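The values are calculated or read from the model by the stated rules, or taken from the named source; none is laboratory data. Keep in mind it's a predicted model, so treat the numbers as computed, not measured. Positions of Cβ are backbone-derived with ideal geometry, glycine not excepted, and every protein chain shown enters the neighbour counts. All accessible areas refer to the heavy atoms of the entire protein, side chains included, with ligands and DNA or RNA removed. Shrake-Rupley method; radii C 1.70, N 1.55, O 1.52, S 1.80 Å.
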There are 2 protein chains.
Amino acid sequence: MIKPDIVFVAKLAGVSPATVSRVMNHPDLVHPATRRKVELAVEKSGYIRNRAAQAMHGRRSATIGLVVPTVANTIFAEVVQAFNDTVSAQGFTLLLASHGYDLDSEYRLVRKLLEHRVDALAVVGLDHSAGTFRLIAEQRVPLLALWNYLADSALPCVGVDNREAGRLAAEHLVTLGHRRIGMVFPAIFDNDRARDRKTAATAVFRAAGIELQDRWQVEVPYSIAQAKAACLELLAGEDRPSALLCANDVIAQGAIYAAARLGIAVPASLSVIGIGDFAGSAQMEPALTTVRIPAQQVGIAAGQAIVTAIGRPDPDFMIRSRVELELIMRASTGIAAEMIRP
Amino acid sequence: MIKPDIVFVAKLAGVSPATVSRVMNHPDLVHPATRRKVELAVEKSGYIRNRAAQAMHGRRSATIGLVVPTVANTIFAEVVQAFNDTVSAQGFTLLLASHGYDLDSEYRLVRKLLEHRVDALAVVGLDHSAGTFRLIAEQRVPLLALWNYLADSALPCVGVDNREAGRLAAEHLVTLGHRRIGMVFPAIFDNDRARDRKTAATAVFRAAGIELQDRWQVEVPYSIAQAKAACLELLAGEDRPSALLCANDVIAQGAIYAAARLGIAVPASLSVIGIGDFAGSAQMEPALTTVRIPAQQVGIAAGQAIVTAIGRPDPDFMIRSRVELELIMRASTGIAAEMIRP
DNA sequence: AGAGTTTATGAAAACATTTGCAAGACTGTT
DNA sequence: AACAGTCTTGCAAATGTTTTCATAAACTCT
């Protein structure tokens, strides 16, 4: 039993290969009766068209490359899912690659995706190596930055403004009267999202005349376990902050668990705010106050943007779309203790 | 500026296209000096080889298709990541598809992946439609079932024995003296993982002479929010179970949050056990007792299995690998109140 | 009924690569 | 110096599709 060709199907249907091809790609160009014959032959032979051959002809490969730091983190899983659903509905398949926050390996991954002749490429964030950019420019593949929005970015981008996220979170704490503030962030060297959030928050605190104590600033990766461990240490003594601004909800969850373990009442003695509003943040006890990043919306908008870009003939057609943030006040933040007069 | 061909590179290097091809695929067959020349030409021209053309020739496409219910759920994100890392290290790229627990759309997705001529296919679970199976058999693509292990499965599989998972969890509750037991599970109609867990647990309870009350059995999807809502209702009255066996950790987290909200002490007045040991389960307060499914190990083992299967000439080379489960006792389960004599 | 127009199909070139075969260039041995 | 063997390389066929062009058939209108 040999795998059926397009010419095998053509013979079976008594037509030419060209006609079979047309039935698959431009059904309206062929007579209904012939179409029926061909469809029958396809059915009967179990023919599955070969996208590789199709792609080789210079046609679409019908794949889109997506590069994420990791998919294991709640942060990206949701956006990947929404993005996949959106482009999948348009007939595209996702080629996934993850680099674990390593820009060098990102270059290799992008190269690999280009070898597969993806019709477009989406990457997370705006920070990428020069080599990566050069590669993509040379190949003239539409490129989209996901997750971040920046009005004056070099890349087309769909996402949220992380500076605003940092600002919203910081302003909330300031409004509640907190002045003894700790920040729990990952390394910001090659993570533009964390960097934008942190610098914006810092600026707000400075403007409010709040001095950030070095001993209350800690650096942890995006991991509940490590965030909890770090916060257990941070919150152990008497001299602790009254509020914690966390780079994202995963870290914030760790912080809340640390407080629970130490018997520190949240929000009575400690306020905690996150960024992201991940699955579970609304349900935990106390429910997490956070800046909501609508991951679904980002994924969908990005999917739509990239599909329209693929349709366009001009190679660097620019889309830029900002998804709105929203401060979600829940139970993990409250008025600073020193503000409450008896 | 035209995109460089293999013949363009060949000209630049002063050799034939065949030689360039050999440099890319069988470097040991060509003289070091020539190889150097070609590599230089590749570098200089920015040539990126076309996998589509390569795949068309009947060679490997260097892609592996992965079909999951969803990637947005912590359950699968981790295993997807480990699987991807493993096959990626061997030069393969992942073609991802998700069907949202819908077996009909699974058929279409598998078809789409086969159009791309994936070198192998991995799917989650052992329950699949007849159409899906037929399709894959016809195409002679190595197929691997991920996540589940069954000694007598029709498919090669790498994963854990879900019946054992259910058994371990149930036995733990029985050992602690619980007899008033609730179960929180998703619909088991087309989810073999949930079904295996539930039937095994039920069998254990029956053997121990425990009668399961219908009013304590609830059905919820894998969602923290819905699990919490359902458990709030289940635990509201006086007449409630002393222990909850949850289909997985996501549901168990929802249950614990519900108890916290209602002021029910865990584990003093209510024990909760999950299955999975997802990220965060160990850190939450109280830390979740659960049956650990080593997602990383499953992903890695599956990746290795599938890569070796691709190497094999025989189409249905069978691998079957069982990953071990482990009961992790933490703080969310305790001895049943009625067992404690003053 | 005939000219003009539209619609439906087929032949063949093109796409970018791999590989079996064969020939030429070396190597070492006698 | 001739021979046998081993390396290295190029030629050309093959892979499965799409698309342009041409042609034939089927309408439409006067």
Query raised in the report: Hey, what angle do you get for helix A:162-175 against the long axis of chain A, alpha-carbon based, 0 to 90 degrees rounded to 10?
Result: 30
Query raised in the report: Counting partner chain Cβ atoms within 10 Å of every residue's Cβ in B:30-40, what's the average?
Result: 0
Query raised in the report: Taking the Cα atoms only, what angle lies between the long axis of helix A:224-234 and the longest principal axis of chain A, rounded to 10 degrees?
Result: 10
Report task. Over every pair of different alpha-carbon atoms in segment A:84-207, take the mean of 1/r and invert it; report that Kirkwood radius in Å. Result -> 16.4
Query raised in the report: Per the 1.4 Å probe, what fraction of the accessible area of segment B:1-116, in percent, lies on carbon and sulfur atoms?
Result: 53
**Report entry** In Å², nearest 10: area of A:Ser269 left accessible to a 1.4 Å probe
**Finding:** 50
Query raised in the report: Restricting the count to DSSP beta bridges whose residues both fall in the protein assembly as shown, what percent are antiparallel, rounded to a multiple of 5?
Result: 10
Query raised in the report: What net charge do the residues around A:Ser61 carry, taking every other residue with its C-beta under 12 Å from that of A:Ser61, with Lys and Arg at +1 and Asp and Glu at -1?
Result: +3
**Report entry** Kirkwood-based shape ratio for the protein assembly as shown, expressed as Rg/Rh from alpha carbons
**Finding:** 1.01
Requested in this report: Could you state the angle between the C-alpha long axis of helix A:130-139 and the longest principal axis of the C-alpha atoms of chain A, as a value from 0 to 90 degrees rounded to the nearest 10?
Outcome: 20
**Report entry** Residues of chain A: accessible area per residue with a 1.4 Å probe, Å²
**Finding:** 42
Query - Cα shape, segment A:77-128, gyration tensor, a/c 1.5 rule - result: oblate
Query raised in the report: Accessible surface of B:Arg167 in the full protein assembly, 1.4 angstrom probe, to the nearest 10 Å²?
Result: 90
Report task. Sequence neighbours fewer than 8 away in the same chain don't count; with that in mind, list the lysines whose C-alpha is under 25 Å from B:Lys228. Result -> A:Lys228, B:Lys198
Report task. State to the nearest 20 debye the size of the charge dipole of chain B about its Cα centre, where the only charges are +1 on K and R beta carbons and -1 on D and E beta carbons. Result -> 1240
Report summary line: Hull surface over four for the Cα convex hull of chain A, reported in nm², is 21.7
Query raised in the report: When DSSP beta bridges are limited to those with both residues in chain B, what percentage is antiparallel, rounded to the nearest 5?
Result: 10
Report summary line: Computed for A with B: buried accessible area summed over both chains, 1.4 Å probe, rounded to 100 Å², at 4800
Requested in this report: Work the Kirkwood hydrodynamic radius out for segment B:6-49: mean of 1/r over every pair of different alpha-carbon atoms, inverted, in Å.
Outcome: 9.8
Report task. Would you mind classifying segment B:169-241 by shape? Square roots of the alpha carbon gyration tensor eigenvalues, ordered a ≥ b ≥ c; an a/c under 1.5 is rounded, otherwise it is prolate if a/b is larger than b/c and oblate if not. Result -> oblate
Requested in this report: Two decimals is fine: what is log10 I(q)/I(0) at q = 0.11, 0.13, 0.23 Å⁻¹ for segment B:21-142, from a Debye sum with one equal scatterer on every Cα and no solvent?
Outcome: -0.50, -0.64, -1.33
Query raised in the report: With each pseudo-label sitting 7 Å past Cα toward Cβ, what's the A:Glu115-A:Ile328 distance in nm, one decimal?
Result: 4.1
